[in-house]
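See below for the structure under consideration.
The values are calculated or read from the model by the stated rules, or taken from the named source; none is laboratory data. Just so you know, these numbers come straight off a predicted model, no measurement behind them. Neighbour counts run over all protein chains shown; Cβ positions are idealised from the backbone, glycine included. Calculation scope for accessible area: heavy atoms of the full protein, side chains included, ligands and nucleic acids excluded. Shrake-Rupley method; radii C 1.70, N 1.55, O 1.52, S 1.80 Å.
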Amino acid sequence: MNTSVATVDEQIAESIETSHAAIMSEFSKFNFAESMIESIWNSLDANSTEVNLEIELLNEFGNIMRIVVTDNGDGIPYDSIPFTFKKYKDSQKRSYRSPMTKGEKGLGRFAFHKFAHEAKWISKSKFGTCSITMNADNLSVFSRKELTKLDADAFRKGTRVQYERINSDLNKQVFDQQIVPYLQTHLSCYLLVSDQTSIKIDGKKLKPIDHKITPDEYVVGGFDFSARYVTWAKNPKCNSYVYFINKKTQKVIYKASSKLKKAGFYTSAYVESDFFDNFEPTQGQLNLDDNFNLDSPEFIEVLTKSRNALSDSYRSYKLKEVERLIEEYDENEIFPNYRKMGEVDIIAEYKEETLKNTIKILYQAEPSLFGKIKDNKKHMRVFIGLLDRISFSPSENLFSILDGVINLSSKEESDLAGILKDNKLSNITKAISKITKRQEVLDILKSLIDDHTSDSKEKHIQKIIENNLWIFGEQYNLLTAEEPDFEDALKALLEINGNEDYYQKGSVTHKDKNAEMDIFCTRRFKEVDVNGKEYYKCLVIELKRASENIKDIHYNQLMKYFSVIESNRQFTDGNHHWEFLLIAKDMGQDKSTSIVRGNLKQFKGTPGLLFESESNEHRIFCKTWDNIFSGYKIKYKHLLDNLEIQAQNIMNKTPDQLSERAVELGSEIS
């Protein structure tokens, strides 16, 4: 701690409770604008209604000689200086802070050293007039002096801070282009509190950034309330608050969160009433002297009304934005061209309107879904295409898909449900038909597993799976079957991605490269990971005999597959994520030495997960046939119950007949 005593302006300098280096370090990342606004906040915290910042130029080249900030605030009493300037990271403002107080950490007075070499305060309060001087060479000392009445007569009530020897990098151009816009943005929320507050920069009144005000007048509990709901054109660098203003003093006596923190949308509310003339921002039992507090029913109603009004503004804003977004999609040909797809005009028009209405509802629920892709036409087309499929495929439960991605209110969910219900064309009957056919495929598959003992049924099971990959997820392309090795898999993968020219026989190197998989398939569309990166999902399915349980030897077999994939960059280029799925009748006995059982316990948060790579791009799962059958029934239970699907008479059919029927159904479903 620096305890030196120095003479400054014929005054004895007093030490501050820290070192010069410690103070400097607090401001290491401050720029000119961040440092200068501290002076204005100090004035506003002192209850100033007028603040003037003026610069005095040194020459015609724009170099600044002096910066002066004056205000009409409470001033600094001479006797209080030891409790403010001598303290470090402490301030008397802590004891009387208001909802608008900014400086309570006791640091703002030191900020001047980032743009000036010397600061001198002359302050007049009701207790007298004093001067304070600090020098950037040693911020751990300051000097103070009490002025005589004769000296004080030249000053009005308030504080004048004079900053001398300005940093040469801070010229008029920097001041106008960087500091003034910064002050305007960061002071905007304060400037709208009251017309009585005036902040001038070089004689010109500082105005808030662009905004729109929606006024409102209403009565609650016999009190008149005047409200202003503000929508900012850009971020005013203050949180979204509802400010409650005392009509008599024009001061904010309380502020509450609007609970409306939305990216790209910035709003504030200002509510003024004589109700707040007798308001205490406390909670608990109301007292009996006509005072009100946070638990007063009148205040609760006004706060709710304000939050609802801002929410309405947000909905209106989103509606305008989504209308503009839809126009942009039309101009850039993002929407599917139903006519080119063979739809007649009336159906094409209906589908277009339904898709656009769906987008409107989703955008109002969560605009960020669309914002992340707005600058990429390819991404927009993929997203809108998928949304189109969801909107017209009731077999996909839209709310299940959206769950966890967006939060739909009951009204928004009702609106969206209404849009989908209005789609009474052939889509609904097609979906019911598809679900019915899928259930029939599963019934056939289950009958082969449960009711037949012939070994020949294994080839039928595999054939059914190959032609009904929807069982494991929508829109999978079968790349290879009939026990392909990894050379076959690579060739097929490159072909579907349009990179077949890059294929070279023998490019897969690994001791197990000739291992033969049962089924290898990939999704027809790209997916997006948590970081926004696109990838194709590849799926390897290993089918065990219908009567066979899952064993460690099966798990080790899939680990061999993973080893081949991991060691060849053609498969692990970052554009492909791999899942390996082991399917058998049962999980086997719960032995303490079982790798499968141990791994299932290790990853018990994700059912069936046996292994996950460090990159999270490769995973191994196991499922039983019962998992697959019950999973489908759970997914479509609400439809299956209503459809009252009758059990198929399949007991008297041969495996060949059943297999043929399931393959036929698979072609109809896809």
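Values computed for the structure shown
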{"item": "Every residue from segment 377-392 that is open to solvent by less than 50 Å² (accessible area, probe 1.4 Å), of a type in the set (A, V, I, L, M) and at pLDDT 80 or above", "result": "Met380, Ile384"}
{"item": "Count of segment 297-317 residues which are touching a helix residue (DSSP H, G or I) at 6+ places or on another chain (Cβ under 8 Å) and open to solvent by 80 Å² or more (accessible area, probe 1.4 Å)", "result": "1"}
{"item": "Extreme residue, least open to solvent (accessible area, probe 1.4 Å), among residues of segment 129-176 that are part of a loop (DSSP other than H, G, I, E, B) and touching a helix residue (DSSP H, G or I) at 6+ places or on another chain (Cβ under 9 Å)", "result": "Leu170"}
{"item": "Cβ-Cβ under 8 Å pairs, at least 6 apart or on other chains, segment 563-582 side within 19 Å of Cys622 (Cβ to Cβ), far side of a type in the set (Lys, Arg) and not in a strand (DSSP E or B)", "result": "Leu582/Lys544"}
{"item": "Given (1) modelled with pLDDT under 90; (2) within 38 Å of the chain's Cα centre (by Cα), number of the condition Glu10 does not satisfy", "result": "(2)"}
{"item": "Output for segment 230-259, where each listed residue is of a type in the set (S, T, N, Q), buried (at least 17 other Cβ atoms within 10 Å of the Cβ) and under 23 Å from Glu321 (Cβ atoms)", "result": "Thr231, Ser240, Ser258"}
{"item": "Residue among Lys360, Lys374, Lys340, Lys320 that is surrounded by fewer than 17 Cβ atoms within 10 Å (Cβ to Cβ), modelled with pLDDT of 75 or more and either on the phi < 0 side of the Ramachandran plot or in a helix (DSSP H, G or I) (or both)", "result": "Lys320"}
{"item": "Single unsatisfied condition, Glu660 versus (1) at pLDDT below 85; (2) open to solvent by 50 Å² or more (accessible area, probe 1.4 Å); (3) within 29 Å of Thr509 (Cβ to Cβ); (4) more than 31 Å from the chain's Cα centre (by Cα)", "result": "(3)"}
{"item": "Residue within segment 214-223 that is in contact with a Leu (Cβ under 7 Å, 6 or more places away or on another chain) and either open to solvent by less than 60 Å² (accessible area, probe 1.4 Å) or of a type in the set (Gly, Ala, Ser) (or both) present", "result": "no"}
{"item": "Residue that is out of contact with any strand residue (DSSP E or B) (no Cβ under 6 Å at 6 or more places or on another chain), buried (at least 17 other Cβ atoms within 10 Å of the Cβ) and more than 24 Å from Leu206 (Cα to Cα), where the choices are Phe27, Phe61", "result": "Phe27"}
{"item": "Residues of segment 519-543 satisfying the condition of being open to solvent by 10 Å² or more (accessible area, probe 1.4 Å), assigned to a strand (DSSP E or B) and aromatic (Phe, Trp, Tyr)", "result": "Tyr535, Tyr536"}
{"item": "Residue that is modelled with pLDDT under 80, polar (S, T, N, Q) and open to solvent by 30 Å² or more (accessible area, probe 1.4 Å), where the choices are Ser615, Ser592", "result": "Ser592"}
{"item": "Any hit, segment 549-562, residues being more than 39 Å from the chain's Cα centre (by Cα), surrounded by 15 or more Cβ atoms within 10 Å (Cβ to Cβ), among the polar types (S, T, N, Q) and assigned to a helix (DSSP H, G or I)", "result": "yes"}
{"item": "Search result, residues across segment 343-355 that are surrounded by fewer than 18 Cβ atoms within 10 Å (Cβ to Cβ) and either among the basic types (Lys, Arg) or at pLDDT 70 or above (or both)", "result": "Glu353"}
{"item": "Residue ID - nearest to Ala233 (Cα to Cα), chosen from residues in segment 262-276 that are open to solvent by 10 Å² or more (accessible area, probe 1.4 Å) and either touching a residue at least 60 places away in the same chain (Cβ under 8 Å) or not charged (D, E, K, R) (or both)", "result": "Tyr266"}
{"item": "Flag for Ala227 being of a type outside the set (Asp, Glu) and open to solvent by less than 20 Å² (accessible area, probe 1.4 Å)", "result": "yes"}
{"item": "Within segment 177-202, tally of residues that are farther than 13 Å from Ile67 by Cα and assigned to a loop (DSSP other than H, G, I, E, B)", "result": "6"}
{"item": "In segment 102-121, the residues that are assigned to a strand (DSSP E or B) and open to solvent by 30 Å² or more (accessible area, probe 1.4 Å)", "result": "His117, Glu118, Lys120"}
{"item": "Checking Asp501 against (1) under 33 Å from the mean Cα position of the chain (by Cα); (2) modelled with pLDDT under 75; (3) not in a loop (DSSP other than H, G, I, E, B), the condition it does not meet", "result": "(1)"}
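Table: residues versus (1) of a type in the set (A, V, I, L, M, F, W, C); (2) at pLDDT 55 or above; (3) in a helix (DSSP H, G or I); (4) open to solvent by 30 Å² or more (accessible area, probe 1.4 Å).
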{"position": "Ser630", "(1), (2), (3), (4)": "no, yes, yes, yes"}
{"position": "Lys633", "(1), (2), (3), (4)": "no, yes, yes, yes"}
{"position": "His638", "(1), (2), (3), (4)": "no, no, yes, yes"}
{"position": "Asp641", "(1), (2), (3), (4)": "no, yes, yes, yes"}
{"position": "Ala647", "(1), (2), (3), (4)": "yes, no, no, yes"}
{"position": "Ile650", "(1), (2), (3), (4)": "yes, no, no, no"}
{"position": "Lys653", "(1), (2), (3), (4)": "no, yes, no, yes"}
{"position": "Glu664", "(1), (2), (3), (4)": "no, yes, yes, yes"}
{"position": "Glu668", "(1), (2), (3), (4)": "no, yes, yes, yes"}
